[in-house]
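The values are calculated or read from the model by the stated rules, or taken from the named source; none is laboratory data. Values in this document were obtained by computation on a predicted structure and should not be read as measured data. Because the Cβ atoms are built from the backbone with ideal geometry, glycine has one as well, and the counts that use them run over all protein chains shown.
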Amino acid sequence: MASYQVPIENKLPMPHQEPPRKRIKSPKDIAERLLFLVIAIVLIYVPQVPMSVVLVLKKRGTPASMPLYIAMFALMIALYIGAVWLMRFLIHRYTDQPLVRRWEKRDALYVVLGYLAMFGAKLILLPFYTSISGEQLTKNDAVIRGMLKDGNQIIFMIVFMTVIAAPILEEMVFRGYVMTAFYTRNPIWPILISGVLFGLVHQNNNIAGTLIYVALGAILAYVYRRTGNITVNIGLHFLNNAPMIFMALQFIK
């Protein structure tokens, strides 16, 4: 007996084939989307406040007590959950399309190819950055590495943020929201906007460092444009940040 095939017309349309339900029609629309973009970027930093509190206490020589640390960690998780929920709301102001889709074979292929592209971008651009700054790590990576030296409390929070929370929230902001709210039929502009914003948000001390993150953001944006599945991007972002786990293991006492 022949296996049942899902009719092509029943498959969800891809993002580049299906525009958002609310297109930009006036300057007021642009202003609204820009305002929500500012809110979205602020949301990236808000959940980091509890970690900053723990870090400041450590720097002052009065490490957080275990009850306070647990409370700050729990607050951090709660703020990330709240930020993700709010981003989901903002994204769906402009589209009826689901963020999460059933994975297909090509999705796994995009993760592999995307990871190789990101690795290649870093391989090409890092020497350029080093020649300008004299540093082996970008400022963003150097800041994180420096924080890892501040004890186990900070280490666990950083690993949670960089490996789990950041891939989810940043993909919802820079891919889910930006590429929906500022959708164009021509994929170049949303990909460029997403990449540039991603590069600017990450801490860097020169244009070469920013360019690395712009390239990484553009690759992630291209993958989202092709798959329309935010979980594919989250998985790819996770793979890119996963080495942080091994870096953190060096500092756990």
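Taking first residues from segment 62-77 that are small (Gly, Ala, Ser) and partners that are surrounded by 12 or more Cβ atoms within 10 Å (Cβ to Cβ) and at pLDDT 95 or above, the Cβ contacts under 7 Å between residues at least 6 apart in sequence or on separate chains come to ALA64/MET72.
Remark: TYR177 falls outside the filter, which requires a residue to be among the aromatic types (Phe, Trp, Tyr) and over 22 Å from GLN48 (Cα atoms). So, in segment 19-38, exactly how many residues are β-branched (Val, Ile, Thr), in contact with a helix residue (DSSP H, G or I) (Cβ under 7 Å, 6 or more places away or on another chain) and either loosely packed, with under 10 Cβ neighbours inside 10 Å or at pLDDT 90 or above (or both)? Of the residues in that region, 0 qualify. Among the conditions (1) surrounded by fewer than 16 Cβ atoms within 10 Å (Cβ to Cβ); (2) more than 20 Å from the chain's Cα centre (by Cα), the only one that ALA64 does not satisfy is (1). When you check ILE124 against the structure, is it part of a helix (DSSP H, G or I) and in contact (Cβ under 8 Å) with a residue 12 or more places away in the chain, yes or no? No. Among the candidates THR227, THR180, the residue that is closer than 24 Å to LEU79 by Cβ, of a type outside the set (A, V, I, L, M) and buried (at least 21 other Cβ atoms within 10 Å of the Cβ) is uniquely THR180. Taking the listed residues MET87, MET161, the one that is within 26 Å of ILE219 (Cβ to Cβ), at pLDDT 95 or above and either out of contact with any strand residue (DSSP E or B) (no Cβ under 6 Å at 6 or more places or on another chain) or of a type in the set (Asp, Glu) (or both) is MET87, with no other qualifying. Condition first: part of a helix (DSSP H, G or I) and either over 12 Å from ASN206 (Cα atoms) or under 20 Å from the mean Cα position of the chain (by Cα) (or both). Now tell me which residues in segment 127-138 satisfy that. The answer is PRO127, and nothing else.
Restricting segment 183-212 to residues that are buried (at least 18 other Cβ atoms within 10 Å of the Cβ) and polar (S, T, N, Q) leaves a set whose member that is nearest to TYR224 (Cα to Cα) is SER194.
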